[in-house]
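Derivation of every value follows stated rules applied to the coordinates shown; laboratory data play no part. Just so it is clear, the structure is predicted and the values come from calculations on it, not from any experiment. When we count neighbours, we look across all protein chains shown, and the Cβ atoms used for this are built from the backbone with ideal geometry, even at glycine.
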Amino acid sequence: MIVFFCIFFIYFFVFIVIFLVLRYVPISNPVILEPFPDIYPRLDIRDFYGNETYRPHFDLLIQSYQAMYDRPHKDVRSFYQVAGIHGLPYEPYDGVTGVHEYNSSGWGKDRWGGYCHHGDSIFITWHRPYMLLFESILVNEANKIALQYNDNEKGKYVEAAKQLRHPYLDWADEKAIEGVPEIFLIPEIEINTPNGRKKVKNPLKSYTLPVDLSHPLEQGHNPWDKPHYIIPTSVPFTPAGYPTIRYPNANYEDQNDILNASLSVYVSTVFRPGLYQMFHLSEYLPFSTIGTDQSEGTSVPPPPSVFFESAHFASIETTHDAFHLVTGGLGGHMSHATTAAFDPIFFFHHVNIDRLFALWQEVFPNSWVSQNIDALGTYTEEMNAAINENTDLTPFRKTKTEFWKSSDIRYIEKLGYTYPQVTMFKGQDPKILQEYLLNLYKPDPYYGLRFFAKLTIEEGKFIGPYPIRVYVNLKNATSQTPITSPHFAGLVAMWHNINHFHAINNICVIETVDITAAMKRLGIQIEIHNYTQEVNNATYLLNSTACFDIENNITIVPVLINGKGISLKDAGVNKVEVISFEHDKVNPNFLAENTGQYYDGKSF
């Protein structure tokens, strides 16, 4: 009997070892993510598309995207597989399951099923190797295509493939007010192929699903229900053979006019104010992810001072979230974290996020990843797991047995790429770059004294995504009030608000909307009032020193993804306050020094 148990134990031990090894090292040849051997810049798509200098690069970009589309969907280097890393279909990429593999019971417990990180300190660093993986596969396709050109052209295309890096879309540039570049909207594009000039299907407009994504919804909410398609509030079901969509109409077609009109509004009301605030923040955590005020023992450390409650910030993640909602629109794939990566514009968006991160690193080179908690979990990470710069960024392999970590990807030049503005200011005083960026993204001419509506929102009260709009001096504003109204000031995007877990754990988002431009449009007096810095011991807020009647001056309107309104309580809105700051006359680190004036607040 003893011998039997010994043999059983040995076999069981061997089985466990083999099982764990196979979870991390698939039998097939794994995808190893390696840096590029040479450094070349990632360029703005506006400078890239239509520029004769980069014509060969652009030809290769279009063909390489299509080559990834054309790969069998089970191929780990296909667009479907790489896009599926982010969210759906919640399946292992390249055999990477880890010790804490996601399963259906995890979904029942509100665990996030994608590999991506959102709402934690490695949101920004996880997406860096993700973009590098996509870019590496794309460039590999470009190298193969370049060799197919005739001898007269082969040389310049081989060189273009070597230099090719994935472009970015700067959605906060002043040019973005004109709308999305046409390369993301037109169905066909003429390029020079190895077989001569041809009109080809434009792969940057949309991606057609090779298999069903998600599952059918109730009648009327599925693409085959066109021409009476009803926009679902849940994750859109996309059957095989149907494309990704932005702002779908009843015939399941893109509404580019609404997309462009929305973008033109949000550039000045959300994106530029967000980046302007972001480049003032020297601390990594508030810069990198959503601002949360959590109960004791959870992820975000206590604020550096009581004045944090009267400070303001827009992290790179909050502004990132807004672009997803603005681009996808009601019922679009980009509006949902689970499906966003299947829209090709996702990768141009996230390369831009990486660019902004790289520029912020140049301004604040001594700031880096903080200890944090992954409250939501991922495909390979349990909920509430401790994370830091040495956490594995699964599923991105550095070797057959090791994964990339945040500490590995701190310096982009070591990965084989850079950005024009990074190169332009390399070696100069970081304050020079900061001043350049603040001037580049200043929201409007009134960028000295700024007024903000600060919202405290309980996460998970309502399953998102959904925007929370802010209107000034329009008490009767509703979900039907257009964002083109002069009273519209901006929004808070509850984009990754995908389950009730955060509500259970008392996690609140603290975000601000810059209302200065709306106040100027409406002729509201902007002035500084004398105030005291006495802090209310009960609320830790500066005592109110000026009249600003939130009841009548600020209207908060939560809107479902299908355009219908919901109550403030259902949306999780707990509090709204009005504060002001003089951006350029104070210590730029608003978390270290209180520089604001508190006007009024209201709890719900």
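Set the bar at 22 Å for Cα to Cα. Now go through Lys74/Lys198; Lys205/Lys226; Lys475/Lys569; Lys475/Lys602; Lys442/Lys520; Lys205/Lys398 and name every pair that lies beyond it.
Values: Lys74/Lys198 29 Å; Lys205/Lys226 20 Å; Lys475/Lys569 17 Å; Lys475/Lys602 15 Å; Lys442/Lys520 15 Å; Lys205/Lys398 32 Å.
Lys74/Lys198; Lys205/Lys398, as the Cα separations exceed 22 Å there.
Taken about its Cα centre, the range 40-437 carries a charge dipole of about 1100 debye when Lys and Arg each add +1 at the Cβ and Asp and Glu each add -1 at the Cβ. When each of the peptides 203-210, 179-186 is scored by the mean number of other C-beta atoms lying within 10 Å of its residues, the order from highest to lowest reads 203-210, 179-186. The distance between label points at Thr484 and Leu522 comes to 2.0 nm (points 7 Å beyond Cα on the Cα→Cβ vector). Protection proxy ranking of 326-332, 63-69, by the mean of other Cβ atoms within 10 Å over each peptide's residues and highest first, is 326-332, 63-69. Averaged over residues, the count of other Cβ atoms within 10 Å places the peptides 418-430, 372-384 in the sequence 372-384, 418-430, highest first.
By count of other Cβ within 10 Å, fewest leading, how are Phe58, Phe452, Phe403 ordered?
In increasing order of surrounding Cβ atoms, one gets Phe403, Phe58, Phe452.
When a footprinting reagent is the concern and you count Cβ atoms within 10 Å, what order do Leu491, Leu438, Leu522 take, fewest first? Each step should come with its number before you reach the end.
Details: Leu491 27, Leu438 19, Leu522 15.
Final ranking by Cβ density, sparse to dense: Leu522, Leu438, Leu491.
At 0.36 nm per residue, and after removing the present C-alpha to C-alpha distance, how many nm does the segment from Lys144 to Glu52 gain when stretched out fully? It would help to have the intermediate numbers written out before the result.
Values: separation 92, 0.36 × 92 = 33.12 nm, distance 2.20 nm.
Stretched fully, the Lys144-Glu52 segment lengthens by 30.9 nm.
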